[in-house]
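Student: One structure is given below, represented as structure tokens, and several questions about it will come after.
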Amino acid sequence: MNLKELVRNRVEVLLAKEFYCNLNQLNGTVCVAKDHNRVIGVAGAAGSSIDDLWEMGVDVIEEYRNARLGTYLVRRLTKELLSRNIVPFYSASVTNIGSQMVAYRCGYRPCWVDTYGTVLDGSSVYNDLYHFKGK
């Protein structure tokens with residue numbers, strides 16, 4: 001049995017309706033994939049600073065990747081959020097091609113790119129932040 005068939009036949013997917021991201025507001029939800037009580041993948045979303053706009057992300061443990069499990073979790077969570085009149089947006093690092101592919105397969109399209117970088121040779125403007133000491 002290949003990995004895709006294994007995932008299709010054995011994986012249990014649970015959808016948690018909501019959870020608390022801060023002390024007094026229900027503003028998070030998660031979709032969890034389990035294989036024999038072992039968590040193997042999670043897609044989650046949480047409220048942002050803009051009402052009814054939630055950021056989404058996904059992670060699948062390495063041995064279960066490339067079986068479309070991440071895509072399934074993101075699609076399922078997207079449908080849940082839209083049914084609650086919440087607009088999801090997908091967040092992926094510019095270096096994480098696999099995560100970008102999951103987003104694309106689920107219908108998400110790039111709207112903006114945010115990158116962050118630093119130089120760790122002692123000349124970085126972030127030295128104070130990281131307490132980095134040059135030579």
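Student: What residue, among those in the stretch 39-79 that are at pLDDT 85 or above and among the hydroxyl-bearing types (Ser, Thr, Tyr), is farthest from Cys111 (Cα to Cα)?
Tutor: Per the stated criteria, the residue is Tyr64.
Student: Is one or more of the residues making up the stretch 62-84 part of a loop (DSSP other than H, G, I, E, B) and touching a strand residue (DSSP E or B) at 6+ places or on another chain (Cβ under 6 Å)?
Tutor: no
Student: Let me ask something else about it. Do you know which residues across the stretch 9-33 are out of contact with any Lys or Arg (no Cβ under 9 Å at 6 or more places or on another chain) and modelled with pLDDT of 85 or more?
Tutor: Val30, Val32, Ala33
Here is a yes/no grid of residues against (1) in a helix (DSSP H, G or I); (2) crowded, with 19+ Cβ neighbours inside 10 Å; (3) touching a helix residue (DSSP H, G or I) at 6+ places or on another chain (Cβ under 6 Å):
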| site | (1), (2), (3) |
| --- | --- |
| Thr29 | no, yes, no |
| Lys34 | no, no, no |
| Ile40 | no, yes, yes |
| Asp51 | no, no, no |
| Val58 | no, yes, yes |
| Ala92 | no, yes, yes |
| Tyr104 | yes, no, no |
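Student: Name the single residue that is nearest to Thr29 (Cα to Cα) among those in the stretch 80-97 being at pLDDT below 90 and of a type outside the set (A, V, I, L, M).
Tutor: Within the stretch 80-97, the match that is nearest to Thr29 (Cα to Cα) is Glu80.
The values are calculated or read from the model by the stated rules, or taken from the named source; none is laboratory data. Worth saying up front: this structure is predicted, and the values here are computed from it rather than measured. So basically every Cβ, Gly included, is an ideal-geometry build from the backbone, and we count neighbours across all protein chains shown.
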